[in-house]
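Enquirer: To start, I am sharing the structure in question, which I have written as structure tokens.
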Amino acid sequence: MYLKAWLPIMSRQAKRLGVRPSRLLFVDGFAGPGLYTHGEEGSPVLAIKAVLSHTHDFYVPIHFLFIEQNEDRYETLSRTLARYDSQIKGSGRIEDVDKKIGDCETVLGKYLNELRNRGEEVGPALFFLDQFGFSDVSMELVTTIMENPLCEVFSYLNWDHMNRFLSDGSKWDGITKAFGGENWKQVFELETNKKAAFMLNTYKEAIKERAGSKYVWNFAMSDKQEKLLYWLIFCTNNFRGLEEMKRAMWSVDRSGGFRFSDSNDPQQLNLFQNYTEELLADEISERLSEKILNVEQIREFVLTETPAYTFKKALKRLEDSGRIKIISAPLKRRKGTFPDNKLTEIQLRIL
Ligand SMILES: C[S@@+](CC[C@H](N)C(=O)[O-])C[C@H]1O[C@@H](n2cnc3c(N)ncnc32)[C@H](O)[C@@H]1O
């Protein structure tokens, strides 16, 4: 889903930044077999199909890199991908499909080094790190990736497993490797219902401070009984990337495919589904009270600090109900409107 939005955005973004990429790189670091015994398609096949069936033409072709450690799964993956060879060659959209067997971190470390040694820019690139549990994606790996301004990481952290093994000392090194430090151990001083939120926030802080990612966003996934299972973690240095990721996740949720929330509070797993324009208007009003800001700054606040990704309806509500006061705006602006090309010119005070 996100991949579909990501492809044209990243190529446009790269163009805007003056980088002329020769390709977009998509890395699936824990690729799996591509096809499961009951016929379900895995992420490599879904990614290739997304590119082949995309309605946009891209400025540049896509380069895929699939990494899988398990020999049997790697063999199945190779066979599965071979079925798409002729479609790939005929499409002109896919430059290459690289497959490598081995540990993701080791393979990627080497791969990124080789690119750098050849003087090639790493990125625009999306690294999809769909590990099984919580300890195969180290903070060092995320750091190595996020050092490159046009790289993004979409990873997975299994809270249910981590929680089950928290008291097992033999798993602590794995958690420390994932977090890039030992401060997560403060979790032992907390009450049970505070642990998940603490671990998530500690992880997100580490992604920003240790891995140097400008934005980090999470989506919490729960089972039908609303028990928190795992988090999807998205890291980007690119504001538009964050916006598109949130848009994609909202549309997945609306389609009813799975339940998720980006609340940090496991008690409120349904927050995302119930997060209305009215709630957003209240949040803007409360958290930005008395501030003077332009609309671009409000957009940034909404994207980085709230579950929402759109803001105009909430802002219109606030204006209609007199909860914001417009201080300056272009001459012909109509009340309740916030044109994209005028966001910085509309200045307001939140009352
Ligand atoms: C959760 S599955 C990935 C599923 C896949 N994304 C899909 O949609 O089908 C994790 C995969 O990573 C592989 N794996 C485990 N540890 C790995 C490592 N250190 N490096 C690379 N692959 C690894 C496993 O063999 C497994 O196939």
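Enquirer: Just add up the charged neighbours of PHE188: K/R +1, D/E -1, any other residue whose Cβ is under 14 Å from the Cβ of PHE188.
Expert: That sum, taken over residues with Cβ under 14 Å, equals 0.
Enquirer: Determine, from the Cβ-Cβ distance of GLU209 and ILE101 and an R0 of 30 Å, the FRET efficiency 1/(1 + (r/R0)^6), rounded to the nearest 0.05.
Expert: 0.35
Enquirer: Quick check on packing: order 309-318, 291-300, 160-169 by the mean number of other C-beta atoms within 10 Å, highest mean leading.
Expert: 309-318, 291-300, 160-169
Enquirer: Oh, and also: At a Förster distance of 45 Å, what's the computed FRET efficiency of LYS325 paired with LYS110, Cβ-Cβ distance as r, to 0.05?
Expert: 0.20
Enquirer: Same structure, new question: Find the relative contact order for the chain and round it to a whole percent, using C-alpha pairs within less than 8 Å whose residues are 6+ positions apart.
Expert: That works out to 13 percent.
Enquirer: A follow-up question, please. Evaluate the distance, in nm, between pseudo-label points positioned 7 Å from the Cα of GLU226 and of GLU191 along their respective Cα→Cβ axes.
Expert: Between GLU226 and GLU191, the label points sit 1.8 nm apart.
Enquirer: Highest first, please rank the peptides 66-78, 175-187 by the mean number of other Cβ atoms sitting within 10 Å of their residues.
Expert: Highest-to-lowest ranking by the protection proxy: 66-78, 175-187.
Enquirer: Would you kindly find the accessible area of ILE48, with a 1.4 Å probe and non-protein molecules such as ligands, DNA and RNA excluded, rounding to the nearest 10 Å²?
Expert: Accessible area of ILE48: about 0 Å².
Enquirer: Would you mind getting the accessible area per residue of segment 148-233, heavy atoms of the protein chains only, 1.4 Å probe, in Å²?
Expert: 47
Enquirer: Below 21 Å, Cα to Cα, which lysines can LYS291 reach? Residues fewer than 8 away in the same chain don't count.
Expert: In chain and number order, the partners are LYS312, LYS313, LYS316, LYS325, LYS335, LYS342.
Enquirer: Skip the ligands, DNA and RNA, and give the accessible area per residue of segment 31-93 with a 1.4 Å probe, whole Å².
Expert: Counting only protein heavy atoms, the per-residue value for segment 31-93 is 55 Å².
Enquirer: Placing unit charges on C-beta atoms (Lys and Arg positive, Asp and Glu negative, everything else neutral), compute the dipole magnitude of the chain about its Cα centre in debye, rounded to 20.
Expert: Once rounded to the nearest 20, the dipole reads 1600 debye.
Enquirer: Using a 10 angstrom cutoff on alpha carbons, build the Gaussian network for the chain and name the most mobile of LYS246, LYS227, LYS204.
Expert: LYS227
Enquirer: Using only Cα atoms, find the angle between the long axis of helix 277-287 and the longest principal axis of the chain, and express it within 0 to 90 degrees, rounded to the nearest 10.
Expert: So the helix axis and the longest Cα principal axis differ by about 80 degrees.
Enquirer: Carbon and sulfur together cover what percent of the accessible area of segment 86-214 at a 1.4 Å probe radius?
Expert: 46
Enquirer: Among the DSSP beta bridges whose two residues both lie in segment 34-168, what percent are antiparallel, rounded to the nearest 5?
Expert: Bridges in segment 34-168 are about 10 percent antiparallel.
Enquirer: Residues with beta-carbon under 10 Å from that of HIS63, excluding HIS63: net charge, scoring Lys, Arg +1 and Asp, Glu -1?
Expert: Here the charged neighbours net out to -2.
Enquirer: For the chain, give the share of DSSP beta bridges that are antiparallel, in percent and rounded to the nearest 5; count only bridges with both residues there.
Expert: 50
Enquirer: First measure r as the distance between the Cβ atoms of SER91 and ARG287, then evaluate 1/(1 + (r/R0)^6) with R0 = 51 Å and state the FRET efficiency to the nearest 0.05.
Expert: Using R0 = 51 Å, I get an efficiency of 0.60.
Enquirer: Still on this model: By average Cβ neighbour count within 10 Å, what is the ranking of 234-242, 188-196, 88-96 from highest down?
Expert: 234-242, 88-96, 188-196
Enquirer: Using a basic spin-label model with each label point 7 Å from the Cα along Cα→Cβ, how many nm lie between ASP340 and HIS56?
Expert: 1.1
Enquirer: Label SER43 and PHE132 with points 7 Å out from Cα along Cα→Cβ: what is the distance between them in nm?
Expert: That separation, rounded to one decimal, is 1.5 nm.
Enquirer: Can you give me the long-range amide H partners of PHE30? Hydrogens built in the peptide plane at 1.01 Å from N, cutoff under 5 Å, separation of 5 or more residues or another chain.
Expert: ILE67, ASP130
The values are calculated or read from the model by the stated rules, or taken from the named source; none is laboratory data. Source: prediction; values computed, not measured. When we count neighbours, we look across all protein chains shown, and the Cβ atoms used for this are built from the backbone with ideal geometry, even at glycine. Side chains are part of the model used for accessible areas, which takes the heavy atoms of the whole protein and leaves out ligands, DNA and RNA. Shrake-Rupley method; radii C 1.70, N 1.55, O 1.52, S 1.80 Å.
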